[in-house]
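The values are calculated or read from the model by the stated rules, or taken from the named source; none is laboratory data. Here the structure is a predicted model, which means the values were calculated and not measured. Here Cβ is always computed from backbone atoms with ideal geometry, including for glycine, and neighbour counts include all displayed protein chains. These accessible areas exclude ligands, DNA and RNA; they are computed on the full protein's heavy atoms, side chains included. Shrake-Rupley method; radii C 1.70, N 1.55, O 1.52, S 1.80 Å.
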Amino acid sequence: LVGVVHLLLFTTNACAERLSPTQASHPDKSLSANEQTIALALNEAVLLGLRNNHAIRSAYFERIVQKFDLRVEKDRFTPKLVLSSRHLATRNQDDHYRQNEVAPSTTLLGEYGTQFSLSWRHHLTQANHAGRTHNDGATFSVIQPLLRGAGREVATAPIRLAELAEQVNR
């Protein structure tokens, strides 16, 4: 659509250059002040018609969304990282209590449908009377789907569908 608009503007510029300056820019002198017309070159008329055109603007934004959908699907096999943390502090007349927790995790989807995930959790508790305790733990898991949801064709199908949709959208 954008290419068509550029082609239209290019052809209107070429047509407007063929007009003499007197044909394109002088208003008719026989009209009264209330009925004065303004002569426009063809390219000026096209630009005036396209300015603030909501249909063209909407199509442009729709195209941006379509390209973004393809990009999201292509990021399917990149690692995902999630960082989470928590801090809790309480206080009463007998004790002060603080609790901190950090838990990063990452996941990776392979081209054959295999999902790898690694997470770690660090939990620290501090209290004046109870003392200090901490807890660490790591988890690693591998999930390989079998039968129906397995295989490279199944795992990469959304990317192929998004690429076909992009060709149609172009």
Q | All-pairs Cα distance distribution in the range 86-170, expressed in whole percent, bin size 5 Å | A | 3, 11, 13, 11, 10, 9, 8, 8, 7, 6, 6, 4, 2, 1
Q. Put a dot 7 Å past each Cα toward the Cβ at Ala45 and Asn92; how far apart are the dots in nm?
A. 8.5 nm
Q: Report the label-to-label distance for Ile38 and Lys80 in nanometres (one decimal), using points 7 Å from each Cα along the Cα→Cβ vector.
A: 5.4 nm
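Report the FRET efficiency, 1/(1 + (r/R0)^6), for Gln66 and Arg148, where r is their Cβ-Cβ distance and R0 is 30 Å, rounded to 0.05. It would help to have the intermediate numbers written out before the result.
On the way: r = 30 Å, r/R0 = 1.00.
After rounding, the FRET efficiency stands at 0.50.
Can you give the FRET efficiency for Phe116 and Val168, using 1/(1 + (r/R0)^6), R0 = 25 Å, r = Cβ-Cβ distance, to the nearest 0.05? Display every interim value, and only then the final one.
Values: r = 34 Å, r/R0 = 1.34.
FRET efficiency, Phe116 to Val168: 0.15.
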Q: Quick one: accessible surface of Glu35, probe radius 1.4 Å, all protein chains present, in square angstrom to the nearest 10.
A: 110 Å²
